[in-house]
Amino acid sequence: MQELKFESMGTAWSVLADSADLTEEARQAILDYAGGFDRRFSRFLPDSEANAFRNSPAGTYTVSEEFAALLRIAKKLEHMTAGRFNAAVGGLFERVGYGGARDTLPEDDVSSYSLPVWSLEGREITIDCPVVFDVGGFGKGYAIDRTAELLKNRGFEHLLVDGGGDMYGTRKRGGEPWRVAIQHPGKEDTAAGMLELIDAGLAVSDTFRRRWGAWHHIIDAKGKKPVRNVIGCAAVASSACDADCATSLLFLASSETYPAVACEFGSKYLIFQSDGSARMSPGWPGELYE
Amino acid sequence: MSSAKRIGLVVAIIVLAGAFVVYRNYARVQTPATEEPGSNGTVEVLPDGSRRVSATVSFDAPGVVEVYTFSLTLDTNGVIADAKTEDAKTGEVSSHNEAFTKELLKVIKGKKLSELKNVDKIGTSSLTTSAFNSAIPTLQSF
């Protein structure tokens with residue numbers, strides 16, 4: 001088994017190849033894609049497409065094919081949450097102190113802040129004011145899938161692409177699933193359960209890791225506040241992007257819609273609520289440590 | 001008019017009026033209820049007590065008439081247990097029951113990671129690297 005480790009998108013990645021060593025060319029392709037993805041789509045890098053409209057007046061602009069693909073996913077999530085998920089949230093994050101080029105101090109009072117309105121048709125986006133995009137809620141899942149794809153295209157069958165805790169795995173060389181422990185939100189040395197990953201994507205997110213002041217990074221863009229009732233979520237789906245989309249939605253959805261929301265992305269879920277209980281969809285591919 | 005003719009006329013009027021009333025009632029019973037164009041609904045009770053409510057709807061789409069049967073199955077508590085859409089022309093059924101499956105509520109005690117065997121990976125919220133910390137420089141003084 002070989003492992004390639006590197007840093008990208010603000011976290012530590014690991015690519016495992018079982019049954020065949022990663023060639024130099026494959027390693028380079030993985031690093032080039034991750035580095036390129038970061039440069040092109042990270043809100044934190046000044047020349048990215050996500051930042052391209054930070055000073056742009058209202059109007060219609062052309063974006064790259066891949067950014068358009070990402071924004072299409074973002075728009076779907078925006079519609080499904082009636083705007084609680086919105087890729088134009090970058091400006092709000094910056095207002096409350098999370099990243100980006102700013103000259104002013106972070107503010108807790110966001111009542112005067114209005115989220116930009118944007119729409120997409122093909123590769124044309126239309127904005128009503130300057131926008132900073134953030135594709136964080138699903139972008140990593142998307143990048144994990146593309147990375148797995150470039151390995152499969154090079155003949156690697158037995159792989160696991162781990163992008164800082166979200167991942168996609170095929171199977172181990174003997175055909176067995178990858179065994180993945182799900183970390184309990186907020187308890188670094190504790191596993192909530194174990195699951196078997198086979199030709200599937202997994203996304204895990206909680207509200208503890210990226211915190212500052214009264215905020216954390218999973219926010220209701222419409223209410224302009226961090227999510228409070230859900231503290232962690234894990235989802236399994238046929239791709240890492242679908243799993244990532246499912247977790248983003250499940251943080252924002254009302255609890256009676258969890259099964260329908262998860263169904264939209266063909267995913268099974270595990271949701272950790274702020275009262276300490278957990279909700280699990282039947283068919284969760286693993287065991288829980290109750 | 002002679003009294004015999006008068007009586008005859010009254011009888012004729014009564015008979016005609018009666019026939020008219022009978023005709024109107026008879027016709028009401030016999031005329032089939034007019035169907036709402038394009039839809040009908042049924043409720044069937046299944047052996048386990050749950051109820052399946054179905055409605056067949058037809059509507060005009062460009063160049064074709066679409067016919068679908070929608071059905072919802074409700075368990076004895078009135079909770080939706082199944083939902084299906086059937087295309088009446090192709091017979092293709094799509095089931096939406098996953099959207100209504102009952103979740104399980106759990107209390108998770110957890111296990112120490114160090115106690116687990118054969119773990120390939122840990123699924124976790126992304127560990128932050130220096131990148132996160134450098135994104136919030138102004139907050140470190142708050």
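The values are calculated or read from the model by the stated rules, or taken from the named source; none is laboratory data. Note that this is a predicted model, so its numbers are computed, not measured. Please note: Cβ atoms are built from the backbone with ideal geometry, for glycine as well, and neighbour counts cover all protein chains shown.
Could you tell me which of the residues A:203, A:237, A:221 is at pLDDT 95 or above, within 16 Å of residue A:73 (Cβ to Cβ), touching a Lys or Arg at 6+ places or on another chain (Cβ under 9 Å) and away from chain B (no Cβ under 11 Å)?
Going through A:203, A:237, A:221 in turn, just one is at pLDDT 95 or above, within 16 Å of residue A:73 (Cβ to Cβ), touching a Lys or Arg at 6+ places or on another chain (Cβ under 9 Å) and away from chain B (no Cβ under 11 Å): A:237.
Could you tell me whether region B:125-134 includes any residue that is in a loop (DSSP other than H, G, I, E, B), modelled with pLDDT of 80 or more and facing another protein chain (nearest Cβ under 7 Å)?
Looking for residues that are in a loop (DSSP other than H, G, I, E, B), modelled with pLDDT of 80 or more and facing another protein chain (nearest Cβ under 7 Å), one finds at least one in region B:125-134, hence yes.
Anything in region A:1-56 that is over 23 Å from residue A:131 (Cα atoms), part of a loop (DSSP other than H, G, I, E, B) and of a type in the set (S, T, N, Q)? List them, or say none.
A:19, A:23
Could you check how many residues of region A:26-45 are at pLDDT below 95 and either touching a Lys or Arg at 6+ places or on another chain (Cβ under 9 Å) or among the hydroxyl-bearing types (Ser, Thr, Tyr) (or both)?
Number of matching residues: 2.
Sort through A:213, A:186, A:165 and tell me the only one that's surrounded by 24 or more Cβ atoms within 10 Å (Cβ to Cβ) and at the interface with chain B (Cβ under 10 Å from one of its Cβ atoms).
A:165
Six or more apart or on different chains, Cβ under 8 Å: which pairs go from a residue in region A:41-53 that's free of Cβ contacts under 8 Å to residues at least 12 places away in the same chain to one that's buried (at least 22 other Cβ atoms within 10 Å of the Cβ)? Could you list them?
A:48/A:41; A:48/A:42
So that you can scan it fast, the table gives a plain yes or no per residue for (1) among the aromatic types (Phe, Trp, Tyr); (2) closer than 19 Å to residue B:122 by Cα:
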| residue | (1), (2) |
| --- | --- |
| A:221 | no, no |
| A:224 | no, no |
| A:234 | no, yes |
| A:241 | no, yes |
| A:258 | yes, no |
| A:290 | no, yes |
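Just to be sure I understand, how many residues within region A:149-183 are part of a strand (DSSP E or B) and closer than 20 Å to residue A:193 by Cβ?
Qualifying residue count, region A:149-183: 13.
A quick yes/no check of all residues on (1) assigned to a strand (DSSP E or B); (2) over 20 Å from the mean Cα position of the chain (by Cα):
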{"site": "B:54", "(1), (2)": "yes, no"}
{"site": "B:58", "(1), (2)": "yes, no"}
{"site": "B:66", "(1), (2)": "yes, no"}
{"site": "B:71", "(1), (2)": "yes, no"}
{"site": "B:82", "(1), (2)": "yes, no"}
{"site": "B:85", "(1), (2)": "yes, no"}
{"site": "B:91", "(1), (2)": "no, no"}
{"site": "B:105", "(1), (2)": "yes, yes"}
{"site": "B:114", "(1), (2)": "no, yes"}
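Taking into account only those residues within region A:148-162 that are more than 21 Å from the chain's Cα centre (by Cα) and crowded, with 19+ Cβ neighbours inside 10 Å, which is farthest from residue A:238 (Cα to Cα)?
Among those that are more than 21 Å from the chain's Cα centre (by Cα) and crowded, with 19+ Cβ neighbours inside 10 Å, it is A:156.
Take the residues in region A:241-287 that are within 9 Å of another protein chain (Cβ to nearest Cβ) and part of a loop (DSSP other than H, G, I, E, B), then tell me which one is nearest to residue B:109 (Cα to Cα).
Within region A:241-287, the match that is nearest to residue B:109 (Cα to Cα) is A:276.
Which residues, taken from region A:15-24, are at the interface with another protein chain (Cβ under 8 Å from one of its Cβ atoms) and surrounded by fewer than 20 Cβ atoms within 10 Å (Cβ to Cβ)?
If the condition is that a residue be at the interface with another protein chain (Cβ under 8 Å from one of its Cβ atoms) and surrounded by fewer than 20 Cβ atoms within 10 Å (Cβ to Cβ), then no residue fits.
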